[in-house]
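A short worksheet on the structure shown next.
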Amino acid sequence: MRKIVFLILYYLQIHKLIIFFKKKTLITLMLHRINHEIDPLWPSLTPKVFDKFINILKKNSSIISIRDFESFNSKKIAFILTFDDGYQDFYLNALPILNKYKVSANLNICPKLIDKNELPWTQKVNYLLKHEYVILQKIFSKYLFVDIEENKSSQNFNNICSIIHSLNNQNYINIINKINNINYKFNKEIMSWDEVIQCSKKNIIIGNHSSSHLNLDKLDSKKIEEEINKSKKIIENKINKNVNIFSLPNGISNEDIVKKLTKIYNYVLFSNDTGNLINKSNNTLLIDRINISVNNEYEEFFRALGFHRLIKFLFNFLFKQNNKS
């Protein structure tokens, strides 16, 4: 039903009205996986949908490189594409489509995950929830005294991740260590360094996504240094280029971490989807992004234009007005 709704909205050209009011607007998008297999707990776009999505963006707007952020001066609405985590399906599925449309993108990677061929801890939770629920339940009950329900829904996955995010520093580290110490039986899903280097040679701007995708606000100063500074040097040595982009793992930080990042990077990427898209601190651009993950090119085009945020705002406004009356 949703697909039909957004298809109708597109052919009624509602998007052109939104674009008219958003002239000269620069919007940054965040993507993760471009994969033929759709994971219900971690949504992705299929290559076919991603191809159509890029085509729609190109027809109705500009897609610019993150390098051109500060020099952006267009009467049209424009988008920047960013990808986080460094999944191999970026190299296999997204890169050929980006090259087809002659579009640049920013890819943010985690050096330690590449070295160990490991998934981010969030995706290990995803795997456990789908295949080894009992192990996950034992960890939570033993170390957090919390029972989690056996439910393979995205809502339950998000709830489990939220519980982990909310832990104090020591409990967070303990749980992540327990999760990382489990033997996993997944196929290769993270890019190799050779693939990262190939991407860098093909108009993909490589950024840092921390060393190991840990929540930075849970770490001590020594570990933060490893995650935001040493990892930058590792990437630069591998690709032989300067790395001036940092994408916050899980979108989580605090004021002190942001201050540290602004001393090192030109761009710091968030994933709050608040609508406050661009700020500046210490000559560093702080860029919020809109998450693109639903496997429907028309809906995601409207999401990229801010349609969903507008509808949510109107709904909340009307709800408040009704409550007052």
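Against the definition (open to solvent by less than 20 Å² (accessible area, probe 1.4 Å), in a helix (DSSP H, G or I), closer than 30 Å to residue 284 by Cβ and in contact (Cβ under 8 Å) with a residue 40 or more places away in the chain), how does residue 79 come out, yes or no? In short, no. Of all the criteria given as (1) more than 19 Å from the chain's Cα centre (by Cα); (2) polar (S, T, N, Q); (3) modelled with pLDDT of 95 or more, the one not satisfied by residue 211 is (1). When the residues of region 41-69 are filtered to those that are open to solvent by 90 Å² or more (accessible area, probe 1.4 Å) and either touching a Ser or Thr at 6+ places or on another chain (Cβ under 6 Å) or without any contact (Cβ under 8 Å) to a residue 40 or more places away in the chain (or both), which remaining residue is farthest from residue 102 (Cα to Cα)? Here the residue is 48.
With respect to the conditions (1) open to solvent by 20 Å² or more (accessible area, probe 1.4 Å); (2) under 24 Å from the mean Cα position of the chain (by Cα); (3) closer than 23 Å to residue 278 by Cα, residue 23 falls short on a single one, namely (2). When region 248-304 is filtered for residues that are closer than 15 Å to residue 208 by Cβ, open to solvent by 40 Å² or more (accessible area, probe 1.4 Å) and β-branched (Val, Ile, Thr), only 264 remains.
For region 189-217, name all the residues that are of a type in the set (D, E, K, R), over 23 Å from residue 252 (Cβ atoms) and assigned to a helix (DSSP H, G or I). Residues satisfying the conditions are 194, 195, 201.
Pairing each residue of region 99-124 that is at pLDDT 95 or above and open to solvent by less than 20 Å² (accessible area, probe 1.4 Å) with any residue that is small (Gly, Ala, Ser) and part of a helix (DSSP H, G or I), provided the two are 6+ apart or on different chains, yields C-beta distances under 7 Å for 111/231. Checked against (1) within 23 Å of residue 243 (Cβ to Cβ); (2) surrounded by fewer than 19 Cβ atoms within 10 Å (Cβ to Cβ), residue 74 passes all but condition (1).
The set of residues in region 177-188 that are part of a helix (DSSP H, G or I), open to solvent by 30 Å² or more (accessible area, probe 1.4 Å) and in contact (Cβ under 8 Å) with a residue 24 or more places away in the chain comprises 178, 180. Residue count for region 277-316 satisfying the condition of being of a type in the set (Gly, Ala, Ser), within 19 Å of residue 63 (Cα to Cα) and not in a helix (DSSP H, G or I): 2. Would you confirm, using the coordinates I've provided, whether residue 211 is open to solvent by less than 30 Å² (accessible area, probe 1.4 Å) and more than 28 Å from residue 103 (Cβ to Cβ)? Judged against the criteria, residue 211 is a match. Region 100-165 holds helices (runs of 4 or more DSSP H) entirely within its bounds, and those carrying 3 or more residues that are out of contact with any helix residue (DSSP H, G or I) (no Cβ under 8 Å at 6 or more places or on another chain) and closer than 18 Å to residue 38 by Cβ map to 121-131, 154-165. I'd like to know if region 4-24 contains one or more residues that are polar (S, T, N, Q) and either farther than 30 Å from residue 130 by Cβ or assigned to a helix (DSSP H, G or I) (or both). Yes - at least one qualifying residue is present in region 4-24.
The values are calculated or read from the model by the stated rules, or taken from the named source; none is laboratory data. These numbers were taken from a predicted model, which means no experiment stands behind them. Here Cβ is always computed from backbone atoms with ideal geometry, including for glycine, and neighbour counts include all displayed protein chains. Note: areas computed on protein heavy atoms with side chains; ligands, DNA, RNA excluded. Shrake-Rupley method; radii C 1.70, N 1.55, O 1.52, S 1.80 Å.
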